[in-house]
Amino acid sequence: MKAVKWMLLLAVWCFAFGVMSGPAGAAEPDYAKWGRVAMQETAKRYRMDIVDYKHLGRQADNSGHAVESFKLILKNGQRSFGVTVNIRFELQTEQILQIQFIEDHHSITGMNPQFRYLQNIVNKGECL
């Protein structure tokens with residue numbers, strides 16, 4: 001059932017994104033591919049509904065790598081919290097180097113500032 005909700009959310013997001021992108025045939029933004037990866041990996045990791053999504057930006061460095069960052073809001077019954085997903089990849093080949101998940105319980109639940117940095121970095125071979 002959760003998989004159906006996730007797929008429905010993804011379909012709605014893709015449709016809305018396609019409608020807002022402009023005339024037919026217009027290219028999607030550079031971050032769209034990474035947004036799909038962020039949503040897929042978050043859904044696999046947390047098994048919760050993704051109720052909101054935001055692209056936070058891209059940071060590139062001099063080594064030919066970049067990090068795309070996204071904020072996703074997850075909900076399961078009364079429990080909800082934010083997750084920042086950072087996807088580090090090679091600019092030239094677009095090979096994923098690592099995916100980092102950072103939970104933010106404060107911004108959603110009103111708890112004291114409590115950020116739990118997950119050191120569970122997912123290598124490309126484990127996440128795709």
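The values are calculated or read from the model by the stated rules, or taken from the named source; none is laboratory data. Computed from a predicted model, the values in this text were never measured in an experiment. For neighbour counting, all protein chains shown are included, and Cβ atoms are generated from backbone atoms with ideal geometry for every residue, glycine included.
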Flagged in the range 46-68 as within 14 Å of residue 95 (Cα to Cα) and surrounded by 13 or more Cβ atoms within 10 Å (Cβ to Cβ), in numbering order, are 65, 66, 67, 68
Within the range 78-128, which residues are modelled with pLDDT of 95 or more, β-branched (Val, Ile, Thr), closer than 15 Å to residue 41 by Cβ and out of contact with any helix residue (DSSP H, G or I) (no Cβ under 9 Å at 6 or more places or on another chain)?
-> 84, 102
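Select from the range 39-67 the residues that are in a strand (DSSP E or B) and basic (Lys, Arg) and write down the one among them that is farthest from residue 77 (Cα to Cα). So that I can check it myself, show each step before the final result.
Here is the first cut: in the range 39-67, the ones in a strand (DSSP E or B) are 49-60, 65-67.
Narrowing further to those that are basic (Lys, Arg): 54, 58.
On the way: 54: 22, 58: 32 Å.
The selected residue is 58.
Would a scan of the range 10-22 turn up a residue that is surrounded by 13 or more Cβ atoms within 10 Å (Cβ to Cβ), at pLDDT below 95 and among the aliphatic types (A, V, I, L, M)?
Our first condition is that a residue be surrounded by 13 or more Cβ atoms within 10 Å (Cβ to Cβ); within the range 10-22, this holds for 10, 13-14, 17-18, 21.
Right, trim to at pLDDT below 95 and you get 10, 13-14, 17-18, 21.
From the residues that got through so far, the ones that are among the aliphatic types (A, V, I, L, M) too are 10.
Yes: one or more hits.
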